[in-house]
1. Can you tell me the FRET efficiency between Gln35 and Ile6 if r is taken as the Cβ-Cβ distance and R0 is 25 Å, rounded to the nearest 0.05?
2. Take every Cα pair under 8 Å in the range 9-55 that's 6+ residues apart, average their separations, divide by the length, and report that relative contact order as a whole percent.
3. For the chain, just list the percent of Cα-Cα distances falling in each 10 Å bin from zero outward, please.
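What follows draws every value from the coordinates through simple rules; no lab data is involved. None of the values given here were measured: they were computed from a predicted structure. Positions of Cβ are backbone-derived with ideal geometry, glycine not excepted, and every protein chain shown enters the neighbour counts.
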Amino acid sequence: MIKKFIRKLTRTGSHSFTINVPKEIVKTLAWRERQKLEVTFDEKKKEFKTKDWKK
């Protein structure tokens with residue numbers, strides 16, 4: 001089931017923005033605080049994808 005969340009985009013620096021991720025999503029994905037994530041952006045679909053960062 002797809003859940004929809006409305007989130008605000010917040011400026012955190014002159015070139016950076018932050019999106020808050022709901023706690024239940026972080027828990028489901030087993031993410032931890034300060035964990036490195038790989039974020040990719042598909043310009044054609046205008047869609048972000050995240051996954052664990054691997055060395």
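1. Numbers: r = 24 Å, r/R0 = 0.97.
Efficiency for this residue pair is about 0.55.
2. Details: 32 pairs, mean separation 10.2, N = 47.
Relative contact order for the range 9-55 comes out at 22 percent.
3. Result returned by the calculation: 17, 49, 33, 2.
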